[in-house]
1. Please specify each residue of region 230-244 satisfying the condition of being in contact (Cβ under 8 Å) with a residue 12 or more places away in the chain and among the aliphatic types (A, V, I, L, M).
2. Of all the residues that make up region 110-132, how many are assigned to a helix (DSSP H, G or I) and out of contact with any Gly (no Cβ under 9 Å at 6 or more places or on another chain)?
3. Could you tell me whether any residue of region 147-155 is out of contact with any Lys or Arg (no Cβ under 7 Å at 6 or more places or on another chain), more than 16 Å from Ile41 (Cα to Cα) and at pLDDT below 85?
4. Among the residues of region 236-244, is any modelled with pLDDT of 85 or more, touching a Leu at 6+ places or on another chain (Cβ under 7 Å) and surrounded by fewer than 23 Cβ atoms within 10 Å (Cβ to Cβ)?
5. Go through region 150-195 and report how many residues are under 20 Å from Gly216 (Cα atoms), in contact (Cβ under 8 Å) with a residue 12 or more places away in the chain, surrounded by fewer than 20 Cβ atoms within 10 Å (Cβ to Cβ) and not aliphatic (A, V, I, L, M).
6. Just to be sure I understand, how many residues within region 4-62 are surrounded by fewer than 19 Cβ atoms within 10 Å (Cβ to Cβ) and in a helix (DSSP H, G or I)?
7. Suppose we filter region 102-138 for residues that are in contact (Cβ under 8 Å) with a residue 12 or more places away in the chain and surrounded by 14 or more Cβ atoms within 10 Å (Cβ to Cβ); how many remain?
Amino acid sequence: MPAARLAVLTSLAMVAFAGNSLLCRVALRHTRIDPATFTAIRLASGAALLWLIARMRGGTPSGSGNWRSALALFAYAAGFSFAYVRLPAATGALLLFGAVQATMIGHGLLAGERLRGLQVRGLVLALGGLGGLLLPGLSAPPLAGVLLMLGAGIAWGVYSLRGRGSGNPLRETAGNFLRAVPFAAAPSLLMRADASLDGVGLMYAVLSGALASGVGYALWYAALPALKATTAATVQLSVPVLAALAGILLLGEPLTLRLVLASAAILGGIALVILEKAPR
(Lines give C-alpha, C1' and ligand atoms only; values in the text may rest on other atoms or scores of the structure.)
Protein backbone atom coordinates (compact mmCIF):
# COMPACT_ATOMS: atom_id res chain seq x y z
CA MET A 1 0.00 0.00 0.00
CA PRO A 2 1.39 3.47 -0.86
CA ALA A 3 2.63 5.35 2.19
CA ALA A 4 0.39 8.37 1.52
CA ARG A 5 -2.75 6.22 1.32
CA LEU A 6 -1.77 4.34 4.47
CA ALA A 7 -1.26 7.62 6.35
CA VAL A 8 -4.65 8.95 5.22
CA LEU A 9 -6.51 5.75 6.16
CA THR A 10 -4.82 5.58 9.56
CA SER A 11 -5.43 9.27 10.31
CA LEU A 12 -9.10 9.08 9.35
CA ALA A 13 -9.57 5.98 11.51
CA MET A 14 -8.07 7.73 14.55
CA VAL A 15 -10.29 10.78 13.96
CA ALA A 16 -13.31 8.48 13.78
CA PHE A 17 -12.38 6.74 17.05
CA ALA A 18 -11.91 10.09 18.80
CA GLY A 19 -15.20 11.23 17.26
CA ASN A 20 -17.03 8.54 19.22
CA SER A 21 -16.14 10.27 22.48
CA LEU A 22 -17.19 13.64 21.13
CA LEU A 23 -20.50 12.44 19.65
CA CYS A 24 -21.46 10.56 22.78
CA ARG A 25 -20.59 13.44 25.08
CA VAL A 26 -22.39 16.09 23.02
CA ALA A 27 -25.49 13.88 22.67
CA LEU A 28 -25.76 13.24 26.40
CA ARG A 29 -24.87 16.80 27.35
CA HIS A 30 -26.81 18.88 24.80
CA THR A 31 -29.79 16.67 23.91
CA ARG A 32 -32.43 14.76 25.88
CA ILE A 33 -31.50 11.28 24.68
CA ASP A 34 -30.83 8.79 27.50
CA PRO A 35 -27.67 6.62 27.56
CA ALA A 36 -29.53 3.30 27.16
CA THR A 37 -31.26 4.49 23.98
CA PHE A 38 -28.02 6.00 22.70
CA THR A 39 -26.24 2.66 23.19
CA ALA A 40 -28.94 0.67 21.42
CA ILE A 41 -29.10 3.02 18.43
CA ARG A 42 -25.32 3.21 18.20
CA LEU A 43 -24.89 -0.57 18.08
CA ALA A 44 -27.81 -1.08 15.70
CA SER A 45 -26.63 1.55 13.22
CA GLY A 46 -23.05 0.27 13.45
CA ALA A 47 -24.27 -3.27 12.80
CA ALA A 48 -26.27 -2.13 9.76
CA LEU A 49 -23.39 -0.28 8.13
CA LEU A 50 -20.77 -2.93 8.90
CA TRP A 51 -23.11 -5.59 7.46
CA LEU A 52 -23.48 -3.47 4.31
CA ILE A 53 -19.71 -2.97 3.98
CA ALA A 54 -19.08 -6.69 4.47
CA ARG A 55 -21.66 -7.50 1.78
CA MET A 56 -20.09 -4.99 -0.63
CA ARG A 57 -16.73 -6.73 -0.14
CA GLY A 58 -18.21 -10.02 -1.19
CA GLY A 59 -18.73 -11.60 2.23
CA THR A 60 -21.54 -11.94 4.72
CA PRO A 61 -21.42 -11.51 8.50
CA SER A 62 -24.08 -14.19 8.95
CA GLY A 63 -22.70 -16.73 11.41
CA SER A 64 -19.64 -14.57 12.10
CA GLY A 65 -18.65 -13.39 15.54
CA ASN A 66 -19.66 -15.05 18.80
CA TRP A 67 -21.90 -14.26 21.75
CA ARG A 68 -19.11 -13.78 24.31
CA SER A 69 -17.39 -11.17 22.16
CA ALA A 70 -20.76 -9.53 21.53
CA LEU A 71 -21.39 -9.35 25.28
CA ALA A 72 -17.98 -7.69 25.79
CA LEU A 73 -18.80 -5.25 22.97
CA PHE A 74 -22.13 -4.39 24.60
CA ALA A 75 -20.49 -3.94 28.02
CA TYR A 76 -18.02 -1.51 26.48
CA ALA A 77 -20.70 0.48 24.62
CA ALA A 78 -23.05 0.66 27.62
CA GLY A 79 -20.34 1.65 30.11
CA PHE A 80 -19.05 4.21 27.59
CA SER A 81 -22.48 5.85 27.24
CA PHE A 82 -23.42 5.90 30.92
CA ALA A 83 -19.96 7.22 31.86
CA TYR A 84 -20.23 10.15 29.47
CA VAL A 85 -23.26 11.45 31.33
CA ARG A 86 -20.73 12.51 33.96
CA LEU A 87 -17.31 12.82 32.30
CA PRO A 88 -15.80 15.39 29.90
CA ALA A 89 -14.76 14.02 26.51
CA ALA A 90 -11.03 14.33 27.21
CA THR A 91 -11.10 12.62 30.61
CA GLY A 92 -13.35 9.84 29.34
CA ALA A 93 -11.14 9.08 26.35
CA LEU A 94 -8.01 9.04 28.51
CA LEU A 95 -9.56 6.66 31.05
CA LEU A 96 -10.94 4.42 28.31
CA PHE A 97 -7.65 4.20 26.44
CA GLY A 98 -5.65 3.61 29.62
CA ALA A 99 -7.98 0.81 30.74
CA VAL A 100 -7.85 -0.88 27.32
CA GLN A 101 -4.07 -0.90 27.24
CA ALA A 102 -3.80 -1.92 30.91
CA THR A 103 -6.10 -4.88 30.25
CA MET A 104 -4.07 -6.06 27.28
CA ILE A 105 -0.73 -5.55 29.05
CA GLY A 106 -2.07 -7.35 32.13
CA HIS A 107 -3.20 -10.27 30.00
CA GLY A 108 0.28 -10.51 28.53
CA LEU A 109 1.83 -10.61 32.00
CA LEU A 110 -0.56 -13.36 33.10
CA ALA A 111 0.32 -15.29 29.94
CA GLY A 112 3.99 -15.26 30.93
CA GLU A 113 5.35 -12.12 29.26
CA ARG A 114 8.01 -10.25 31.20
CA LEU A 115 8.60 -6.52 31.30
CA ARG A 116 12.04 -5.09 30.67
CA GLY A 117 13.48 -2.26 32.73
CA LEU A 118 12.11 0.55 30.56
CA GLN A 119 8.70 -1.12 30.40
CA VAL A 120 8.53 -1.32 34.21
CA ARG A 121 9.28 2.40 34.41
CA GLY A 122 6.61 3.09 31.81
CA LEU A 123 4.03 1.06 33.72
CA VAL A 124 4.85 2.86 36.99
CA LEU A 125 4.62 6.22 35.20
CA ALA A 126 1.23 5.37 33.69
CA LEU A 127 -0.16 4.15 37.04
CA GLY A 128 1.14 7.30 38.70
CA GLY A 129 -0.60 9.42 36.08
CA LEU A 130 -3.88 7.58 36.65
CA GLY A 131 -3.52 8.02 40.40
CA GLY A 132 -2.85 11.73 39.95
CA LEU A 133 -5.94 12.10 37.77
CA LEU A 134 -8.16 10.44 40.38
CA LEU A 135 -6.82 12.19 43.51
CA PRO A 136 -9.55 14.11 45.35
CA GLY A 137 -9.84 17.77 44.44
CA LEU A 138 -11.95 20.30 42.59
CA SER A 139 -10.86 19.01 39.18
CA ALA A 140 -11.13 15.30 40.00
CA PRO A 141 -13.63 13.47 37.77
CA PRO A 142 -16.76 11.93 39.40
CA LEU A 143 -16.01 8.47 40.80
CA ALA A 144 -19.13 6.86 39.29
CA GLY A 145 -18.17 8.05 35.82
CA VAL A 146 -14.58 6.91 36.33
CA LEU A 147 -15.62 3.40 37.34
CA LEU A 148 -18.04 3.10 34.43
CA MET A 149 -15.41 4.22 31.91
CA LEU A 150 -12.74 1.96 33.38
CA GLY A 151 -15.20 -0.91 33.12
CA ALA A 152 -15.88 0.03 29.50
CA GLY A 153 -12.14 0.05 28.80
CA ILE A 154 -11.66 -3.37 30.39
CA ALA A 155 -14.55 -4.74 28.31
CA TRP A 156 -13.03 -3.30 25.13
CA GLY A 157 -9.66 -4.78 26.05
CA VAL A 158 -11.30 -8.19 26.49
CA TYR A 159 -13.08 -7.77 23.17
CA SER A 160 -9.80 -6.88 21.45
CA LEU A 161 -8.01 -9.86 22.98
CA ARG A 162 -10.76 -12.23 21.87
CA GLY A 163 -10.53 -10.87 18.31
CA ARG A 164 -6.79 -11.30 17.88
CA GLY A 165 -5.88 -13.62 15.02
CA SER A 166 -9.27 -13.29 13.33
CA GLY A 167 -9.05 -14.25 9.66
CA ASN A 168 -11.54 -11.56 8.61
CA PRO A 169 -11.75 -8.90 11.37
CA LEU A 170 -14.24 -6.70 9.50
CA ARG A 171 -16.71 -9.55 9.04
CA GLU A 172 -16.19 -10.73 12.62
CA THR A 173 -16.81 -7.20 13.92
CA ALA A 174 -20.00 -6.93 11.84
CA GLY A 175 -21.20 -10.24 13.26
CA ASN A 176 -20.41 -9.15 16.82
CA PHE A 177 -22.26 -5.86 16.35
CA LEU A 178 -25.31 -7.77 15.08
CA ARG A 179 -25.19 -10.11 18.09
CA ALA A 180 -24.76 -7.16 20.50
CA VAL A 181 -28.02 -5.50 19.41
CA PRO A 182 -30.27 -7.82 21.53
CA PHE A 183 -28.07 -7.16 24.57
CA ALA A 184 -28.48 -3.41 24.04
CA ALA A 185 -32.24 -3.72 23.51
CA ALA A 186 -32.72 -5.36 26.93
CA PRO A 187 -31.76 -2.36 29.15
CA SER A 188 -33.63 -0.02 26.82
CA LEU A 189 -36.79 -2.03 27.46
CA LEU A 190 -36.15 -2.33 31.20
CA MET A 191 -35.52 1.41 31.48
CA ARG A 192 -38.24 2.48 29.06
CA ALA A 193 -39.94 4.54 31.79
CA ASP A 194 -36.85 6.78 31.82
CA ALA A 195 -36.34 6.71 28.06
CA SER A 196 -36.09 10.07 26.35
CA LEU A 197 -36.17 10.24 22.57
CA ASP A 198 -34.63 13.28 20.96
CA GLY A 199 -34.27 13.79 17.20
CA VAL A 200 -30.85 15.44 17.38
CA GLY A 201 -29.68 12.91 19.98
CA LEU A 202 -30.79 10.05 17.74
CA MET A 203 -28.85 11.60 14.87
CA TYR A 204 -25.70 11.72 17.02
CA ALA A 205 -26.22 8.07 18.01
CA VAL A 206 -26.52 7.04 14.35
CA LEU A 207 -23.41 9.03 13.46
CA SER A 208 -21.53 7.43 16.35
CA GLY A 209 -22.55 3.93 15.27
CA ALA A 210 -22.49 4.20 11.49
CA LEU A 211 -19.77 6.79 10.87
CA ALA A 212 -17.40 6.80 13.87
CA SER A 213 -17.73 3.04 14.52
CA GLY A 214 -18.73 1.43 11.21
CA VAL A 215 -16.66 3.53 8.82
CA GLY A 216 -13.91 3.96 11.43
CA TYR A 217 -13.43 0.21 11.81
CA ALA A 218 -13.57 -0.33 8.05
CA LEU A 219 -10.79 2.23 7.56
CA TRP A 220 -8.74 0.79 10.42
CA TYR A 221 -8.96 -2.78 9.16
CA ALA A 222 -7.99 -1.58 5.67
CA ALA A 223 -4.83 0.03 7.08
CA LEU A 224 -3.99 -2.54 9.77
CA PRO A 225 -2.36 -5.22 7.56
CA ALA A 226 0.20 -2.67 6.35
CA LEU A 227 1.14 -1.50 9.87
CA LYS A 228 3.62 -3.10 12.23
CA ALA A 229 2.08 -4.25 15.51
CA THR A 230 3.96 -1.64 17.54
CA THR A 231 3.06 1.10 15.05
CA ALA A 232 -0.61 0.14 15.21
CA ALA A 233 -0.54 0.20 19.02
CA THR A 234 1.41 3.45 19.24
CA VAL A 235 -0.68 5.40 16.75
CA GLN A 236 -3.72 4.84 18.94
CA LEU A 237 -2.06 7.11 21.51
CA SER A 238 -3.38 9.95 19.36
CA VAL A 239 -7.03 9.13 20.12
CA PRO A 240 -7.24 10.67 23.64
CA VAL A 241 -5.29 13.71 22.42
CA LEU A 242 -7.68 14.23 19.50
CA ALA A 243 -10.68 13.77 21.79
CA ALA A 244 -9.26 16.29 24.26
CA LEU A 245 -8.63 18.90 21.55
CA ALA A 246 -12.11 18.41 20.10
CA GLY A 247 -13.71 18.69 23.55
CA ILE A 248 -11.86 21.92 24.25
CA LEU A 249 -12.44 23.51 20.84
CA LEU A 250 -15.99 22.31 20.11
CA LEU A 251 -17.57 21.74 23.53
CA GLY A 252 -15.77 24.41 25.53
CA GLU A 253 -14.41 21.90 28.04
CA PRO A 254 -11.65 23.22 30.34
CA LEU A 255 -8.02 22.22 29.91
CA THR A 256 -6.76 21.69 33.45
CA LEU A 257 -3.17 21.25 34.58
CA ARG A 258 -4.17 17.96 36.25
CA LEU A 259 -5.47 16.59 32.93
CA VAL A 260 -2.37 17.71 31.01
CA LEU A 261 0.05 16.13 33.50
CA ALA A 262 -2.01 12.94 33.84
CA SER A 263 -2.30 12.62 30.05
CA ALA A 264 1.45 13.02 29.60
CA ALA A 265 2.19 10.42 32.28
CA ILE A 266 -0.40 7.85 31.21
CA LEU A 267 0.19 8.08 27.46
CA GLY A 268 3.95 8.41 27.82
CA GLY A 269 4.12 5.43 30.16
CA ILE A 270 2.03 3.25 27.86
CA ALA A 271 4.17 4.33 24.90
CA LEU A 272 7.29 3.13 26.73
CA VAL A 273 5.72 -0.27 27.37
CA ILE A 274 4.53 -0.65 23.77
CA LEU A 275 7.68 0.58 22.04
CA GLU A 276 9.97 -1.54 24.18
CA LYS A 277 8.11 -4.60 22.86
CA ALA A 278 9.48 -3.97 19.39
CA PRO A 279 12.03 -6.61 18.30
CA ARG A 280 15.59 -5.42 18.77
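The values are calculated or read from the model by the stated rules, or taken from the named source; none is laboratory data. This structure is a prediction, so every number in the text was calculated from the model and none was measured. Ideal geometry is used to build each Cβ from the backbone, glycine not excepted, and the neighbour counts take in all protein chains shown.
1. Across region 230-244, the qualifying residues are Ala233, Val235, Leu237, Val239, Val241, Leu242, Ala243, Ala244.
2. 7
3. Looking through region 147-155, none of the residues is out of contact with any Lys or Arg (no Cβ under 7 Å at 6 or more places or on another chain), more than 16 Å from Ile41 (Cα to Cα) and at pLDDT below 85.
4. Checked against the condition, which is being modelled with pLDDT of 85 or more, touching a Leu at 6+ places or on another chain (Cβ under 7 Å) and surrounded by fewer than 23 Cβ atoms within 10 Å (Cβ to Cβ), region 236-244 yields no hits at all.
5. Counting residues in region 150-195 that are under 20 Å from Gly216 (Cα atoms), in contact (Cβ under 8 Å) with a residue 12 or more places away in the chain, surrounded by fewer than 20 Cβ atoms within 10 Å (Cβ to Cβ) and not aliphatic (A, V, I, L, M) gives 5.
6. 14
7. Result for region 102-138: 19.
Rundown of residues vs (1) more than 20 Å from Arg29 (Cα to Cα); (2) in contact with a helix residue (DSSP H, G or I) (Cβ under 6 Å, 6 or more places away or on another chain); (3) among the charged types (D, E, K, R), yes/no style:
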| residue | (1), (2), (3) |
| --- | --- |
| Gly167 | yes, no, no |
| Asp194 | no, no, yes |
| Gly214 | yes, yes, no |
| Tyr217 | yes, yes, no |
